[in-house]
Structures are given as C-alpha cells and as structure tokens.
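Here the structure comes first, spelled out in structure tokens, and everything after it is commentary.
The values are calculated or read from the model by the stated rules, or taken from the named source; none is laboratory data. In this text the structure is predicted, and so the values were computed from the model without any measurement. FYI the Cβ positions are ideal-geometry reconstructions off the backbone, even for glycines, and counts take in every protein chain you see. SASA here: full protein model, heavy atoms, side chains in, ligands and nucleic acids out. Shrake-Rupley method; radii C 1.70, N 1.55, O 1.52, S 1.80 Å.
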Amino acid sequence: MKNTVFLNSRKINFDDRIDFSILNEFTKVTLYDGSTEDEILERVKNQNIVVTKELPLSRDLIDRFPPSVELICEAGTGYNNIDIEAAGKKDITVCNVPGYSTNAVAQLTITFMLNLCSSLALQQVMLTQRDFSNFTRDLQVPHFEIKGKTLGVIGAGAIGQRVIKTALELGMKVLVYNRSIKPIDNVKFVALHELLRKSDFVTIHCPLTKDTKYLIDKDKLKLMKPTSFIINTARGSIINETDLIKALQNKTIAGAALDVQEQEPFDVKNPLFSMKNVILTPHIGCKCVETRQRLVELLGNNIKAFIEKNPINTVNS
C-alpha cells in the first residue's frame with residue numbers, strides 16, 4: 001500500500017469537522033496540522049504521495065525530496081505554490097483538485113455583488129458607529145437593482161460559468177474575457193479592455209500564472225467606469241494591489257470585494273482594511289464545510305487513480 005502524508009491538513013480541517021477516513025481505503029495516510037520547511041523534509045521520507053494545501057514547495061525543497069515521492073497533490077485548484085518544473089525534473093507527477101469549490105466560490109461572488117448593490121456592508125459599519133441616518137433621514141448610501149447591469153467575467157472555467165449562469169438568471173448582461181471562446185448562450189466574448197470599459201461589475205476567475213500576475217494594474221483600472229466594482233475570489237496577485245488601493249482612494253472605481261490579497265495571511269495594516277468602499281473576507285471561498293469534505297473525496301479520487309496508474313487532474317507531464 002502506498003504511503004501518503006498530508007503536510008498541513010489543518011488548513012482544511014480547522015474546525016475538526018472533516019472526515020479523512022475515505023483516504024484510508026487505498027492508502028496509508030499520515031496527517032499533520034502544519035509543517036515547517038525542515039519538518040517537510042523529515043516527513044516526506046518513505047512517503048509516496050505528498051498532499052499540501054497552499055503550502056509553498058520551492059525548487060530547492062523539491063530537489064531534496066527522496067526518490068520515494070511519486071506524486072504531489074495540491075488539495076485545491078490553484079497550484080502556483082508548487083514548483084512544477086522542479087517536480088517534473090524529479091519525475092514527480094503533480095495534480096490538483098479542480099471543481100470542488102465551484103458552488104461555494106460562485107455563491108460568494110454573487111453574494112458580493114448583491115451586497116454591493118445595496119451597500120449592506122457599509123450600512124452595517126454605520127450601525128456599529130451608532131450612525132442611524134439611514135433610518136432617520138433619506139437613504140445615505142448607494143442602492144440599485146442588479147437587473148440590467150453588465151457583469152464582466154475574467155475566466156470562463158467551472159466557477160466562471162457558474163457565476164455566468166446565475167448572473168443571467170438575475171437579468172444581467174454578461175461579457176467574458178477568456179483564453180478561448182466557449183459556446184455559452186447569451187454571453188459575448190470580448191477583449192479585456194472592452195470588458196473593463198463596459199462592465200458595472202468585474203469578477204476574476206482565472207488562475208494565477210506568469211501571464212495573469214498583475215493582469216489588472218493601474219492602466220486597466222483606469223479603463224473601468226467610476227461607478228463600477230471589481231471582485232476577486234481567485235488569487236490576490238492577479239490584481240496589482242498597490243494600484244488598486246490608489247484607484248479606490250482616488251475613486252477611479254466605486255469599490256471592491258476581495259476574498260484574496262497579495263499577502264496571506266492578510267496584513268491588518270493594509271489600507272484596504274480601513275476603506276468604506278471595500279468588502280474583505282479571509283479567503284473563505286473554499287471554506288464551507290460541504291466544500292472541504294468534497295475536496296477530501298476528490299483528493300481520494302486523485303490518489304486512487306494514480307495508484308491504479310491512471311492519473312487524473314495532472315498539471316505536469
């Protein structure tokens with residue numbers, strides 16, 4: 001039986017509600033809450049499969065992995081934390097788990113949009129500050145219908161398509177920027193600059209790669225309407241955060257809703273935390289309990305398929 005080590009299982013089982021027993025059906029699993037770099041090298045000894053969740057595995061670290069390691073499985077969709085080239089040079093297969101968080105991330109994206117339409121977060125801040133002017137005077141915050149507004153979707157993968165479907169049901173117009181054009185009814189594929197100019201909401205659902213890092217910078221933000229909002233539930237570095245902060249401060253755009261930032265864990269001194277036109281959440285898009293349990297089940301499918309010499313969801317050859 002193959003040996004599997006999950007180096008930072010606490011990342012998905014922070015509330016002790018996740019059942020890992022399904023993995024034991026076809027592999028011997030050792031779980032660690034978290035692992036330092038030195039602990040990683042010790043813990044991968046005699047292991048065939050290494051599982052991580054957003055844990056950096058650098059070239060130097062992978063170069064020192066023992067010959068026993070055959071598979072690195074990222075317990076999530078994004079795998080920019082793993083040096084894929086270094087793994088390939090050691091004949092280590094790398095796979096990820098796409099699709100497990102489609103429902104939850106799409107749900108969060110729509111939640112952000114609906115909150116922004118009604119300034120719900122801002123209204124709650126006003127209440128905590130004992131500002132009751134929304135009750136005693138005319139409404140003091142923006143409040144508008146989502147129907148008829150234009151949503152720009154960057155990335156039409158599983159999550160992007162789920163967001164598109166819901167947006168269309170809400171009566172929105174949808175523009176999409178994607179590497180390839182896919183047949184989606186009632187959706188127009190456009191260049192990025194056109195999407196940014198015409199959208200009332202821009203939502204990001206593409207992976208972080210060398211091509212998408214800082215895809216949204218000061219020049220791209222200047223293309224957006226001053227009444228528009230940007231939403232990021234993908235990876236923080238797809239937006240140049242410094243440029244975004246300036247755009248928000250200068251009211252180049254109306255606001256932002258961010259589940260991810262360039263630096264995670266978040267720096268509470270970041271100006272974004274004190275902005276009234278920003279909604280921040282701590283990378284919760286994949287943290288629903290149902291989502292995390294589904295992740296373990298799909299992780300098991302990856303491991304089982306690899307053991308049976310029919311690997312799936314590989315991201316290197």
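Listed by first and then second residue, the pairs with beta-carbon distance under 9 Å, at least 6 apart or on different chains, first residue in segment 119-132 and among the aromatic types (F, W, Y), second assigned to a helix (DSSP H, G or I) and surrounded by 11 or more Cβ atoms within 10 Å (Cβ to Cβ), are F132/M126. Among the criteria (1) surrounded by fewer than 22 Cβ atoms within 10 Å (Cβ to Cβ); (2) closer than 28 Å to D211 by Cβ, the one E42 does not fulfil is (2). Within segment 180-192, residues that are in the same structural domain as V163 (by the TED database) and open to solvent by 40 Å² or more (accessible area, probe 1.4 Å) reach partners that are β-branched (V, I, T) and assigned to a loop (DSSP other than H, G, I, E, B) with beta carbons closer than 9 Å, at six or more positions or on different chains, in the pairs F189/I181.
With a requirement of 3 or more residues that are under 23 Å from S101 (Cα atoms), the strands (runs of 3 or more DSSP E) lying completely within segment 153-226 that satisfy it span 173-177, 201-204.
Scanning segment 299-317 for residues that are among the aliphatic types (A, V, I, L, M), within 18 Å of the chain's Cα centre (by Cα) and surrounded by 18 or more Cβ atoms within 10 Å (Cβ to Cβ) yields one hit, L299.
If the condition is being modelled with pLDDT under 95 and either open to solvent by 10 Å² or more (accessible area, probe 1.4 Å) or acidic (D, E) (or both), then segment 65-80 contributes T77, G78, Y79, N80. Looking across segment 83-107, the residues that are open to solvent by 20 Å² or more (accessible area, probe 1.4 Å) and either under 19 Å from T291 (Cβ atoms) or assigned by the TED database to the domain that holds C206 (or both) come down to P98, G99, N103, Q107.
I'd like to know if segment 207-226 contains one or more residues that are out of contact with any His (no Cβ under 8 Å at 6 or more places or on another chain), open to solvent by 20 Å² or more (accessible area, probe 1.4 Å), under 18 Å from L116 (Cα atoms) and modelled with pLDDT of 95 or more. Yes. Checked against (1) open to solvent by 50 Å² or more (accessible area, probe 1.4 Å); (2) within 16 Å of the chain's Cα centre (by Cα); (3) over 15 Å from S237 (Cβ atoms), I279 passes all but a single condition, namely (1). Within segment 46-57, does at least one residue satisfy the condition of being open to solvent by 10 Å² or more (accessible area, probe 1.4 Å), closer than 21 Å to N301 by Cβ, more than 27 Å from the chain's Cα centre (by Cα) and not assigned by the TED database to the domain that holds T209? Among the residues of segment 46-57, at least one is open to solvent by 10 Å² or more (accessible area, probe 1.4 Å), closer than 21 Å to N301 by Cβ, more than 27 Å from the chain's Cα centre (by Cα) and not assigned by the TED database to the domain that holds T209, which makes the answer yes.
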